[in-house]
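Some notes on the structure that comes next.
Read-outs throughout are calculated quantities, based only on the coordinates presented, and are distinct from any laboratory measurement. Keep in mind it's a predicted model, so treat the numbers as computed, not measured. Please note: Cβ atoms are built from the backbone with ideal geometry, for glycine as well, and neighbour counts cover all protein chains shown.
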Amino acid sequence: MRKLILAAASIAALTFVGPASAQSPIVLKFSHVVAADTPKGKAADKFKELAEKYTAGKVKVEIYPNSTLYKDKEELEALQLGAVQMLAPSNSKFGPIGIREFEVFDLPYILPDLKALRKVTDGPLGAKLLKLLDSKGMTGLAYWDNGFKQMSANKKLLAPSDYKGLKFRIQSSKVLEAQFRALGSIPQVMAFSDVYQALQTGVVDGQENTWSNIYTQKMNEVQKYATVTNHGYIGYVVIVNKKFWDGLPADIRDELTKAMKEATEFGNGQSAKDNEDALAAIQKAGKTEIVTLTPEQDEAMRKAMMPVYKDVAARVGQPLIDDFLKETGRGPMN
Ligand code: LMR
């Protein structure tokens, strides 16, 4: 795969020949792993529409959804090598390239709601985290929402003890690994595009994701139960290859910045509704029983996952967790 990415990167380098002319627009390839009909997919499409409009066609944005170009790990490599210019990986996917700090977003129950999230992403902490990307040849442009994660399996998941011994697919985050270990489960890192089949064939027993991701990947067709846990959050960091971005003519970069700002407002304004609609669609499809927890069961889940905070403090440092909690104004147990 690496060979293929390298080949694509050298072609990209040859075709990027400085300022755009009418004949040769600057091509910006935007790869992502989810369906077009999701919060990220829609925000990406909105960015394309606005970017092409504001640059009067001087920039052509090509969107490659649903892992059609690259899977999770490969797409980050492809961006660093310049084979694609823009991505929006989830916060959980930056650890393997050496930026652990975004994993703080994975801490169970760290975000009570999207309002609290916005305080983090729109405040100094959000800006500080984006800056970390510079050293990896990337520029962080925005934070995009998906929403809150739910648990699913072929077994009813009510109490922490129900998770014992089950295999769960996780994204490549050490926090998520610690989370499932705290529940006595066996976490398995896997690319998003492989999850449906892994659930179908029993390679894993369950998974955690947002309603929109569950529905658009048809995971509900192969999972008998889904529990409303809202125990974690999936959001994205929109990143661009730094060399590409810095090399753009300033006026074009300004227009793309404007397009990104508006696409972000658009996407973040509708993500919650997308997830509500997906839940309704899952209910309507009737293949998955939606399980809700009593306040006592919810409390037991929170307690069971608390040891993760200690593990993560050792990995990203307690000050970062404290900064995060200061911004949200709430702790995981309230
Ligand atoms: C996942 O891998 O479960 C998600 O990060 C996919 C996505 O981009 O929403």
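With the cut-off at 21 Å, tell me which of the pairs Lys149/Lys303; Lys71/Lys261; Lys73/Lys242; Lys115/Lys303; Lys242/Lys326; Lys218/Lys261 have Cα atoms farther apart than that. Exceeds cut-off: Lys71/Lys261; Lys115/Lys303; Lys242/Lys326; Lys218/Lys261. Note that the stretch 211-221 has calculated 3J(HN,Hα) couplings of 4, 5, 5, 4, 6, 6, 9, 6, 5, 4, 6 Hz, one per residue in order, obtained from phi through the Karplus relation 6.51 cos²θ - 1.76 cosθ + 1.60 (θ = phi - 60°); glycine and proline are x. Phi angles of the stretch 97-106 translate, via the Karplus equation with coefficients 6.51, -1.76, 1.60 and θ = phi - 60°, into HN-Hα couplings of 9, x, 10, 7, 4, 5, 5, 4, 5, 7 Hz per residue; Gly and Pro are given as x. For Gln188, the residues whose amide H sits under 5 Å from its own are Phe168, Arg169, Ile170, ignoring neighbours fewer than 5 places away on the same chain, with H placed 1.01 Å from N.
In deg cm²/dmol, rounded to 500, what helix-only [θ] at 222 nm does the chain give when every DSSP H run of at least 4 residues adds -39500 (n - 2.57) and the total is split over its residues?
-14000 deg cm²/dmol
List Lys258, Lys40, Lys48 from most exposed to least, where exposure is judged by having the fewest other Cβ atoms within 10 Å.
In increasing order of surrounding Cβ atoms, one gets Lys258, Lys48, Lys40.
The simple Förster model, with R0 at 22 Å and r as the Cβ-Cβ distance, assigns Gln200 and Lys71 a FRET efficiency of 0.80. Straight-line reach from Lys156: taking Cα to Cα under 16 Å and skipping same-chain neighbours fewer than 8 places apart, the aspartates and glutamates in range are Asp205, Glu208, Glu221, Glu289, Asp298.
Phi-derived couplings, Karplus 6.51 cos²θ - 1.76 cosθ + 1.60 at θ = phi - 60°, listed residue by residue for the stretch 315-321: 8, 10, x, 4, x, 5, 5 Hz, with x used for Gly and Pro. With K and R counted +1 and D and E -1, the other residues having a Cβ less than 14 Å from that of Arg253 yield a net charge of +1. Extending 7 Å from Cα along the Cβ direction at Lys128 and again at Ala285 yields two label points whose distance is 4.1 nm.
Distances between placed amide hydrogens fall under 5 Å for Lys71 paired with no residue 5 or more residues away or on another chain.
Straight-line cross-link reach from Lys243 at under 12 Å between alpha-carbon atoms covers these aspartates and glutamates, not counting any fewer than eight positions away in the same chain: Asp134. Take the Cβ atoms of Ala159 and Ile321, set R0 to 25 Å, and the FRET efficiency comes out at 0.40.
Once the chain from Tyr64 to Lys119 is taken as fully extended at 0.36 nm per residue, the excess over their C-alpha distance is 16.7 nm.
Annotation for the stretch 109-174: trypsin sites (Lys or Arg not before Pro) lying in DSSP loop with at most 16 further Cβ atoms inside 10 Å of their Cβ are Lys155, Lys156, Lys164.
Using C-alpha pairs under 8 Å with a sequence gap of at least 6, the mean separation divided by the residue count of the chain gives a relative contact order of 25 percent.
Here the dipole of the chain is about 480 debye; that uses its Cα centre as origin and unit charges on the Cβ of Lys and Arg (positive) and Asp and Glu (negative).
Among 265-275, 176-186, the peptide with the highest mean count of other Cβ atoms within 10 Å heads the list, and the full ranking is 176-186, 265-275.
Full extension of the chain between Lys273 and Ala250 gives 4.7 nm of extra length, using 0.36 nm per residue less the Cα-Cα distance. Under 5 Å between amide hydrogens, built in the peptide plane, is the criterion, and for Ala36 it picks out nothing among residues at least 5 positions away or on other chains. Only beta bridges with both residues in the stretch 129-218 are counted; by DSSP, about 40 percent of them are antiparallel.
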